[in-house]
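Following: one structure in structure tokens, then a few remarks.
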Amino acid sequence: MALTCCTARPTQIQTGKDLFLEEIRDKRANTNNFKQRSHETHETHLRQIAAHQQQELQDHREWEWRKAMAMDVLVLLPLLLTAVAARHLGYPSVGSAFETVAAAALFASIASRRWRLRKMAKNNLVAQGLPDQPQDSFDKEVSDLVARFECSPLLDAGLTVDSGTCRRFLIAWKEDVEGATRGLKKYVEWRRRVRPAELRPTDFRHEMATRKGFAHGLDQYGHPIVWAFAGKHDKNKRDIKETEKLILYCLEEALRISQRCSGAEKVCLVFDLSDFGLKSMDYEVVKRLIIVLANYYPERLGQVLLWNAPIVFSGFWQIISPFIDPVTFRKIRFVDDAALMANIDRSVMPVEVLATLGLGHRSTLRRASPRTQC
């Protein structure tokens with residue numbers, strides 16, 4: 001028995017050695033495969049960055065073109081109508097003068113448009129050609145921005161400018177460092193003056209009581225949701241300052257929800273347009289919302305869902321849509337009931353939405369609290 005054990009031991013040692021060597025070879029092979037996949041992923045990421053930047057440049061060119069055309073119409077149409085009226089009333093010299101002014105205005109508009117597009121292309125990485133390591137270059141620019149504001153006298157104890165904020169502003173400014181710096185300075189000054197993170201429902205009691213907007217739940221991507229009910233808004237009764245405070249409170253509350261739950265940087269906006277009417281057509285509120293999102297919450301929108309839009313909303317949409325940034329415009333979708341339920345789970349839908357969907361009755365459903373829970 002002892003001899004058998006002694007003779008078997010070298011075989012066992014050899015077998016263990018072979019297994020150990022085989023394990024080492026497998027680990028090396030897995031490491032090489034991982035490196036190969038990482039390299040392929042990096043190359044794919046670079047291609048995606050290039051495609052995204054090219055699309056961004058194209059979108060902004062189209063946006064500049066649309067704005068320029070709108071301004072041309074606003075400027076040239078009165079001049080041309082005045083010229084026609086002057087000729088009709090027997091003042092050809094006056095008509096000629098106005099036609100000359102219209103031609104000069106058109107020429108100036110075209111020249112200005114070409115200059116703006118050339119400047120935009122110059123500041124865009126696509127026009128300059130992508131560097132060898134665009135992500136490394138971008139990270140360095142973010143670090144430089146953070147360093148600029150670390151010891152800034154604009155910051156106080158309750159206000160910081162972190163790398164995430166700098167990254168969002170840099171993306172919004174198309175990687176124009178100086179432009180992002182100016183935007184961040186205005187952002188810091190605005191937060192010091194307005195203190196949106198310190199807003200409470202008692203600061204806008206009337207608007208809060210209408211339940212026209214509040215943050216509640218997460219969408220399928222983990223974005224906190226801000227619900228807005230257009231039918232509960234009356235432009236003839238609202239206080240614009242309170243309405244703006246409500247908007248800021250909802251955005252800040254959504255970001256606090258994200259910090260507690262998912263860590264997502266972007267927000268989902270859902271507009272319930274079921275009872276939209278003439279009293280809901282508030283251009284001043286829309287204008288302030290666009291300004292706030294563009295200047296103080298850049299790159300915070302994940303998606304915007306316009307649900308149950310009636311026919312009357314189409315005219316309102318035609319007026320406001322040209323003023324929406326193309327990048328934001330691509331995130332806006334008109335959705336029906338099925339699409340809404342595909343994006344948002346029923347468990348986080350407020351009582352008003354469930355009642356509209358026919359999933360409960362207003363008299364029996366308990367109202368969802370505006371204080372969001374994950």
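Here the range 158-200 is treated as a Stokes sphere of Kirkwood radius computed over C-alpha pairs; at 37 °C and 0.692 mPa s its diffusion coefficient rounds to 300 µm²/s. Under 5 Å between amide hydrogens, built in the peptide plane, is the criterion, and for His223 it picks out nothing among residues at least 5 positions away or on other chains. Per-residue 3J(HN,Hα) values for the range 89-104, derived from phi via the Karplus relation 6.51 cos²θ - 1.76 cosθ + 1.60 with θ = phi - 60°, read 8, x, 10, x, 5, 5, x, 5, 4, 5, 5, 5, 4, 5, 5, 5 Hz in sequence order (x marks Gly and Pro). On the range 182-322, 54 percent of the accessible area sits on carbon and sulfur atoms, based on a 1.4 Å probe.
Taking all protein chains together and a 1.4 Å probe, the residues Ile240, Ile257, Ile290 rank Ile290, Ile240, Ile257 from largest to smallest accessible area. Between the amide H of Phe214 and those of Trp227, distances stay under 5 Å, these residues lying 5 or more places away or on another chain, with hydrogens modeled in the peptide plane. Relative to the globular-protein estimate of 2.2 N^0.38 Å, the Cα radius of gyration of the range 155-270 stands at 1.17. 3J(HN,Hα) couplings calculated from phi for the range 284-297 with the Karplus curve 6.51 cos²θ - 1.76 cosθ + 1.60 (θ = phi - 60°) are, in sequence order, 5, 5, 4, 4, 5, 4, 4, 5, 4, 5, 6, 8, 10, 9 Hz; Gly and Pro show x. Cross-link list Lys212/Lys287; Lys237/Lys331; Lys186/Lys237: which exceed 23 angstrom alpha carbon to alpha carbon? Correct reply: Lys237/Lys331; Lys186/Lys237. Paramagnetic label reach from Ile311 (point 7 Å along Cα→Cβ; backbone nitrogen cut-off under 18 Å): within the range 269-286, residues 273-279.
The values are calculated or read from the model by the stated rules, or taken from the named source; none is laboratory data. On a predicted model such as this, the values are computed, not experimentally measured, just so you know. Heads up, the Cβs are rebuilt from the backbone with ideal geometry, glycines too, and the neighbour counts pull from every protein chain shown. We work out accessible area using only protein heavy atoms, side chains counted, and drop any ligands, DNA or RNA first. Shrake-Rupley method; radii C 1.70, N 1.55, O 1.52, S 1.80 Å.
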